[in-house]
Amino acid sequence: MMRSMFAAISGLKAHQIMLDVAANDIANVNTVGYKASRTTFKDSLAQLQRGGSGQSGTLGGSNPAQVGLGVQLGSIDSVIGSGALQATGSPLDVAVQGDGWFRIAAATPPGAPPFNVPAGTTIEYTRAGNFSRNDQGFLVTADGYYVVGRDTVSPTATPAPPGNDIFIQIPQGATSISIGPDGSVSYIPAGGTSPVIAGYISLAKFANPNGLERAAASHWRATTASGGEQIGTPSAEFGQTTSGTLEMSNVDLAQEFTTMISAQRGFQANARIISAADEMLQDLVNMKR
């Protein structure tokens, strides 16, 4: 009886985590660039009641008998799939149609060109392309991280592509700002007539994108599980950039509500096991009156 109660307790904890994950997905159903999560379980250690035996004499052998000791969290997987695209019309809103991730960083840009990213800067990643310009004209994310670009086109994935990582600056007074399918950020300078390319938005790919670690504000970090970043610019290998568009959350509400119901019923069933075990224990205690 005590064994069944502790197994049911593990079920309560596991289904509570399952509900927590579903609740977070539903809360982020309208978060730009958000990636949903999926919970899996695995059984816990089983107690051996009787070992198996092979054929001997006139007996054909027997299988082992084991009693399970509950459930535990198997994994919380990130669902790395593209979300629906939403047209915004803003020239600095951009979505990636492919596997690439925007590269962003918190750093201090140099005071004068070239605006190379300082060595040792920690790079983070996002699919949220709602960019804007700060007071110095640099391209930044909604929470102020600088968008990391390249000073030359790098269509092929490599750990060390030609060119340099740069902060993309659009000078004051610039007009006709646009982002091309190749990631080029162009503008017409004040008093000019010909477009100038400020840089190219850089993208990253990973051998195992599910191994990326979530950070705050729709940011992700590379881990040993994800492997190192493969760097490039928008291309067939990384995906094309689409200006005036944002990638929305890939949360499937129908799936999330189904998961929520499944978690709720699983929680209730395990709670019922605890109640049944408690009644059996009460009957056992009441045997002596």
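Looking only at residues in segment 54-84 that are within 30 Å of GLU247 (Cα to Cα) and assigned to a loop (DSSP other than H, G, I, E, B), the one that is modelled with the lowest pLDDT is GLY81.
Yes or no, residue by residue, for (1) closer than 29 Å to GLN86 by Cα; (2) within 39 Å of the chain's Cα centre (by Cα); (3) without any contact (Cβ under 8 Å) to a residue 24 or more places away in the chain:
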residue	(1), (2), (3)
ALA8	no, yes, no
ALA14	no, yes, no
VAL21	yes, yes, no
ASN24	yes, yes, yes
THR39	yes, yes, no
THR58	no, no, yes
ASN63	no, no, yes
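Of all residues in segment 117-136, those satisfying the criterion of being polar (S, T, N, Q) and either farther than 22 Å from PRO209 by Cα or part of a loop (DSSP other than H, G, I, E, B) (or both) are THR121, THR122, SER132, ASN134, GLN136. In segment 221-240, of all residues being within 19 Å of ILE179 (Cα to Cα) and in contact with a strand residue (DSSP E or B) (Cβ under 8 Å, 6 or more places away or on another chain), the one that is surrounded by the most Cβ atoms within 10 Å (Cβ to Cβ) corresponds to PRO234.
Among the residues of segment 190-204, just one is modelled with pLDDT of 95 or more, out of contact with any Ser or Thr (no Cβ under 6 Å at 6 or more places or on another chain) and surrounded by fewer than 20 Cβ atoms within 10 Å (Cβ to Cβ), namely VAL196. In this structure, ILE104 does satisfy being β-branched (Val, Ile, Thr), in a strand (DSSP E or B) and under 26 Å from ALA84 (Cβ atoms). One residue stands out among those in segment 119-143 that are surrounded by fewer than 12 Cβ atoms within 10 Å (Cβ to Cβ) and not aliphatic (A, V, I, L, M): the one that is nearest to TRP101 (Cα to Cα), which is THR122. Scanning segment 26-61 for residues that are touching a Gly at 6+ places or on another chain (Cβ under 9 Å), surrounded by 12 or more Cβ atoms within 10 Å (Cβ to Cβ) and not aromatic (Phe, Trp, Tyr) yields a count of 9. Which residue is surrounded by the most Cβ atoms within 10 Å (Cβ to Cβ), if the candidates are limited to segment 85-101 and must be assigned to a loop (DSSP other than H, G, I, E, B) and touching a Pro at 6+ places or on another chain (Cβ under 9 Å)? Only one residue tops the list, namely GLY100. Taken together, GLY191, GLY149 contain a single residue that is in a loop (DSSP other than H, G, I, E, B) and either touching a residue at least 12 places away in the same chain (Cβ under 8 Å) or not hydrophobic (A, V, I, L, M, F, W, C) (or both), which is GLY191. Name the single residue that is surrounded by the most Cβ atoms within 10 Å (Cβ to Cβ) among those in segment 207-220 being farther than 19 Å from ASN130 by Cα and in contact with a strand residue (DSSP E or B) (Cβ under 7 Å, 6 or more places away or on another chain). Among them, the one singled out is LEU212.
Pairs linking a residue in segment 263-283 that is in the same structural domain as GLN72 (by TED's automatic domain parsing) to a residue that is not in a helix (DSSP H, G or I), with Cβ atoms under 7 Å and 6 or more positions apart or on different chains, are ALA277/MET1; MET280/MET1; LEU281/MET1. One residue is enough: does segment 165-177 have a residue meeting the conditions crowded, with 17+ Cβ neighbours inside 10 Å, part of a loop (DSSP other than H, G, I, E, B), of a type outside the set (A, V, I, L, M, F, W, C) and within 27 Å of the chain's Cα centre (by Cα)? No, because not a single residue in segment 165-177 is crowded, with 17+ Cβ neighbours inside 10 Å, part of a loop (DSSP other than H, G, I, E, B), of a type outside the set (A, V, I, L, M, F, W, C) and within 27 Å of the chain's Cα centre (by Cα).
The values are calculated or read from the model by the stated rules, or taken from the named source; none is laboratory data. Just so we're clear, the structure is a prediction, and the values are computed from it rather than from any experiment. Note that we place each Cβ from the backbone using ideal geometry, even for glycine, and neighbour counts take in every protein chain shown.
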